[in-house]
1. What are the ³J(HN,Hα) values, in whole Hz, obtained from phi via the Karplus relation 6.51 cos²θ - 1.76 cosθ + 1.60 with θ = phi - 60°, for each residue of the stretch 170-183 in sequence order, with x given for Gly and Pro?
2. Kindly state, to the nearest 0.05, the FRET efficiency for Asp216 paired with His178, given R0 = 30 Å and r defined as their beta-carbon distance.
3. Given a 1.4 angstrom probe, I'd like the percentage of the accessible area of the stretch 221-272 that is carbon and sulfur, rounded to a whole number.
4. Could you please report the charge total around Ser19, scoring K, R as +1 and D, E as -1 over all other residues with beta-carbon less than 10 angstrom from its beta-carbon?
5. Based on the Cβ-Cβ distance of Thr125 and Val230, what FRET efficiency does E = 1/(1 + (r/R0)^6) give at R0 = 30 Å, to the nearest 0.05?
6. Using θ = phi - 60° and the Karplus curve 6.51 cos²θ - 1.76 cosθ + 1.60, what whole-Hz ³J(HN,Hα) does each residue of the stretch 206-214 get, with Gly and Pro shown as x?
7. Between Lys243 and Lys4, what length in nm is gained on full extension when 0.36 nm per residue of separation is reduced by their alpha carbon distance?
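The values are calculated or read from the model by the stated rules, or taken from the named source; none is laboratory data. Every value quoted in this text rests on a predicted model; they were computed, and no experiment measured them. Cβ atoms come from the backbone with ideal geometry, glycine included; neighbour counts cover every protein chain shown. Areas reflect the complete protein model, heavy atoms only, side chains present, ligands, DNA and RNA absent. Shrake-Rupley method; radii C 1.70, N 1.55, O 1.52, S 1.80 Å.
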Amino acid sequence: MDIKEYIESGILEAYVLGSLTEKERAEVEANLSLYPELAKEINAIEDAMQLFAEANAQEPPAFMQQKIWNAIQEQSGKDATGGAKIIPLNSIDRANNLSWQRAAVLIALVGSMIVNFIFWSQKNTLQQQELALQANMDTLKQQQQTLALQIQHYNKLNDMTADTTMQTVVMQSMVKGHPMAATVYWSKNTGDAYLAVQKLPAPPAGMQYQMWVIQDGKPVSMGVLPNTIVDNSNMQKLAMNVKVGQAFAISLEKAGGNPTPTAVYVLGKISS
């Protein structure tokens, strides 16, 4: 439990005033037995009430005293001896002063509870606004990162397209009725190869795409591809250095790859 927030809620003041329900009072008393700091706060509240009452004690107006006295005299009548029933005026003054003090304390506490409630509401509102702002900032950051990757992708693509030593190998769908495409940018001079996917479906669970180069009529594995490669904003440099080849291909295999391709999705021939 947040002790500070619990104290600031105003429930302890209400407990001291006796304005809680039985259930709420029982809950406060249970918390008092668990958290000694709450008991200290109760004592502080009672002391503050007493000091407030003493500091703000005021005599009621004279006309009010007279009205009270008249009402008491009318309602009291006579005593058992038949004489007028005498009530000391100082007793009336004390009772009246006590009522005024209690009213002053109650007004102060109600005001304090209202202020605490306003502060608590404002605090919650600010926390909600901070969470919403943080969520917006996180979304904006993700969008910026995606945009940065796309810009990097296009810049790399432009550089490779402008490089006269770089050969572009377009791999097209080998599955009838399912248009798919990917491109390999291959430098015969250095053996570097880059893969960009234009359209490939996300692999099913437990499956993974695998890259191949056809050399001397035989498929040679270039390794499995991460599932994120299907996002066309990504470009990946292939790990294998390729010096010769007749074609590039991508197949769908069980996770971890296969020694030989089983389901070729796209294939592109290397021009001689």
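1. So the J values, rounded to whole Hz, are 8, 9, 10, 4, 10, 10, 4, x, 10, x, 9, 7, 8, 10.
2. In this case the efficiency is close to 0.55.
3. C and S atoms contribute 55 percent here.
4. Computed value for this residue: -1.
5. Computed FRET efficiency for Thr125 and Val230 comes out at 0.10.
6. x, 10, 7, 7, 10, 9, 9, 10, 8
7. Full-extension gain reported as 79.0 nm.
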